[in-house]
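*Asks:* There's a structure below that I have some questions on.
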Amino acid sequence: MSKWILVASLFSATVAQACPDLSGEYSQCRSQTGEAEVSRESISQRSQDGTEVYSVSSDNLEPMEYVADGETYSVDAPDSNLTYDTTATCEDDALEVDIVARLAGFKVGSGHVTTRKNGNQLTQEIHFSSPAKSVDDTVTCE
């Protein structure tokens, strides 16, 4: 029994260590394709019960919070009937976020964002699709 506890604690420590430090203020953001409309971004993070929690805001999107524990969380968007189901994990020194957008309970879009930091440079690979629009872009911020 104690062997399983040791293995579980080693696994959870490994998962926590894989979460990158993405915190910072990024004011010079460039989209490779022009599809993603981000010019400034701010990321703060904290550890909550051994899990990394990322708070992300930008100049044109609602602030979002991502708990990197692999669980799915639903967030109601202010001033609209949209709900976002988000699932965040840390893999290979990146924050991986899956997002499903729902309107009145019906899925209207989904996406995946991979966020990495190399020195002072933040890179986000963005993939999003909905019946109205699809976005495949890489945004780099400094």
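The values are calculated or read from the model by the stated rules, or taken from the named source; none is laboratory data. Given the structure is predicted, the values throughout are model-derived calculations rather than measurements. Cβ coordinates were reconstructed from backbone atoms using ideal geometry, including for glycine residues, and neighbour counts include every protein chain displayed.
*Asks:* Can you name the number of the only condition in (1) outside any loop (DSSP other than H, G, I, E, B); (2) modelled with pLDDT of 90 or more; (3) surrounded by 13 or more Cβ atoms within 10 Å (Cβ to Cβ) that ARG46 fails?
*Replies:* (3)
*Asks:* Could you list, in sequence order, all residues of the range 7-39 that are assigned to a loop (DSSP other than H, G, I, E, B), out of contact with any strand residue (DSSP E or B) (no Cβ under 6 Å at 6 or more places or on another chain) and modelled with pLDDT under 95?
*Replies:* If the condition is that a residue be assigned to a loop (DSSP other than H, G, I, E, B), out of contact with any strand residue (DSSP E or B) (no Cβ under 6 Å at 6 or more places or on another chain) and modelled with pLDDT under 95, then SER27, GLN28, GLY34, GLU37 are the ones that fit.
*Asks:* Among (1) modelled with pLDDT under 95; (2) farther than 24 Å from ASP21 by Cβ, there is one condition SER74 misses while meeting the rest; what is its number?
*Replies:* Of (1) modelled with pLDDT under 95; (2) farther than 24 Å from ASP21 by Cβ, only one is false for SER74: (1).
*Asks:* Restricting the first residue to the range 91-103 and requiring it to be farther than 13 Å from HIS127 by Cα, which pairs with a second residue that is part of a strand (DSSP E or B) and of a type in the set (Lys, Arg) meet a Cβ separation below 6 Å and a spacing of at least six or different chains?
*Replies:* Pairs that qualify, where the first residue is farther than 13 Å from HIS127 by Cα and the partner is part of a strand (DSSP E or B) and of a type in the set (Lys, Arg), are ALA94/ARG116.
*Asks:* Only residues that are crowded, with 16+ Cβ neighbours inside 10 Å and more than 19 Å from GLY70 (Cβ to Cβ): list them for the range 109-126, please.
*Replies:* Result: GLY109, LYS117, LEU122, GLN124, GLU125, ILE126.
*Asks:* So which residues in the range 68-101 are among the charged types (D, E, K, R), in a strand (DSSP E or B) and surrounded by fewer than 18 Cβ atoms within 10 Å (Cβ to Cβ)? Step through it out loud before you land on a result.
*Replies:* Residues of the range 68-101 that are among the charged types (D, E, K, R), as a first pass: 69, 71, 76, 79, 85, 91-93, 96, 98.
Add one more test, that the residue is in a strand (DSSP E or B), and what stays is 76, 85, 91, 96, 98.
Residues satisfying the conditions are ASP76, ASP85, GLU91, ASP98.
*Asks:* Considering only the range 58-67, state which residues are in a loop (DSSP other than H, G, I, E, B) and either modelled with pLDDT of 85 or more or not charged (D, E, K, R) (or both).
*Replies:* Narrowing the range 58-67 to residues in a loop (DSSP other than H, G, I, E, B): 59-60.
Once the filter is applied, which keeps residues that are in a loop (DSSP other than H, G, I, E, B) and either modelled with pLDDT of 85 or more or not charged (D, E, K, R) (or both), the range 58-67 yields only ASN60.
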